[in-house]
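Worksheet for the structure shown next.
Each value in this text was obtained by applying a stated rule to the coordinates, not by laboratory testing. No experiment lies behind these values; they were computed from the predicted model shown. Cβ: placed from backbone, ideal geometry, glycine included. Neighbour counts: every protein chain shown.
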Amino acid sequence: MADERDEGAEKPGAGAATSGSETREAPTTGGRRLSWELTPIAPEDLLLSVVIPVFNEEQTLEAIVDLVRNVEVPTELVLVDDGSSDGTPAILDRLEKLDGVRVFRHAKNRGKGAALKTGFREARGNVVIIQDADMEYDPREYPTILEPIVEGRADVVFGSRFLVRKYARVHLYSHYLGNRFLTFASNVMTGLNLTDMETCYKCFRKEVVDTIDLRSRRFDVEPELTAKVARGKWRIYEVPVSYAGRDVAEGKKISWKDGFAALWAIVKYRFKK
C-alpha cells in the first residue's frame, strides 16, 4: 500500500519516461513553445500516466481498470482512493498487485480536486490523462486524444462531448444546459473557444501539470485546470470523444450545488493564480 504524502512535499520530476523532443526543444516565446513548432514524442518514449480518482466505485472500478490496461498505449495507472466507504478499498487491494498499477489512499474523503493533486504528483509518465472510474468515458479513445500531443502540436488536449463523435447517451437536458453555460462563462474569462470545459478527459504533457498547484477540492477543479492552462499560454486542442453519461440513480455524484461552485471558480481563477 502506497502511503499518501504530505501535500507540501516536493514534486518529483517527470520520472523515468522522457519526451522524444528533449534533444530538439522548440523555440519559445515567454517561456512557452511557439504555436507552429512541432515537438513530437517518439513512440518508444511515450508513457501515459492515467490518473483515476476513485470514490465508492465498486460497481465499475475493475471494469474501467481492465479497459485501460488493454489500450494499445504504454500506460501506468495511478489510482487515488478518496476515502471510499463501500467495497472499493478491497478491490484496490487486489488491483495494486497488477503490473503497472499503483494505488494511493486518502484517509478521508477530500474531493476530486484533492485526488487529482495526489495523482498528478505521483505520475511518472511524460503525458498525463484524467480518467473517471464510472465508465462514462471510453479509454479506447486514448489514441485519438493523444494524437495532437504525440505529433507535437499540443501541450494540452480536451476531449469534447459536444463535437461530432461516435455516440453520446441522450439524457439529462439540464446537465447539457449547465455544461454549455459553464463552458461559455469559462471561455469569456479565459479567452479560449472550448466547446466542453467540464469534460473529464483532459490530457497534458507532464511539464504542464508540474506547473499547476491545484487548490480546488471538488468538481470546481475543472474550471481551475482550464483557467491555469489558459494563463500558462500552453497549446490547447480539442478532439471529439464519446460519452455514456450516468444519472443520479446510477451513481452520478455531481449536483446543482457543484454547478454554482464551478461558476464561482470560473470567476475566482480568472484573477487568482
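When ranked by the protection proxy of mean other Cβ atoms within 10 Å per residue, highest first, what sequence do the peptides 72-81, 226-235 form? Numbers along the way, then the final one.
Numbers: 72-81: 22.1, 226-235: 20.2.
Highest to lowest by the protection proxy: 72-81, 226-235.
By count of other Cβ within 10 Å, fewest leading, how are 266, 41 ordered?
Details: 266 25, 41 22.
In increasing order of surrounding Cβ atoms, one gets 41, 266.
Translational D (Stokes-Einstein, µm²/s) of the stretch 35-268 at 25 °C and 0.890 mPa s when Rh comes from the Kirkwood sum over C-alpha pairs? Write down the numbers at each step before the final one.
Details: Rh = 17.8 Å.
Taking Rh from Cα pairs, D becomes 138 µm²/s.
Provide the gained length on full extension for the span residue 45 to residue 63, in nm with one decimal, where the gain is 0.36 nm per separating residue minus the Cα-Cα distance.
Working: separation 18, 0.36 × 18 = 6.48 nm, distance 2.75 nm.
Extra length available between residue 45 and residue 63 comes to 3.7 nm.
Semi-axes, largest first, in whole Å: what does sqrt of 5 times each Cα gyration tensor eigenvalue give for the stretch 119-243? Walk me through the numbers on the way to the answer.
Values: eigenvalues 88, 62, 42 Å².
In descending order, the three semi-axes are 21, 18, 14 Å.
Once phi is turned into ³J(HN,Hα) by the Karplus curve 6.51 cos²θ - 1.76 cosθ + 1.60 with θ = phi - 60°, what whole-Hz value does each residue of the stretch 142-154 show in order, with x for glycine and proline?
Whole-Hz 3J(HN,Hα) from phi for the stretch 142-154: 3, x, 5, 5, 6, 3, x, 6, 5, 6, x, 8, 10.
Can you pull out the trypsin sites (Lys or Arg not before Pro) in the stretch 54-98 whose DSSP state is coil and whose Cβ has at most 10 other Cβ atoms within 10 Å?
Values: sites: 69, 94, 97; in loops: 97.
Loop-located and lightly packed - 97.
Could you tell me the relative contact order of the stretch 35-268? Use alpha-carbon pairs under 8 Å, at least six residues apart, and round to a whole percent. Each step should come with its number before you reach the end.
Details: 445 pairs, mean separation 56.6, N = 234.
Relative contact order here is 24 percent.
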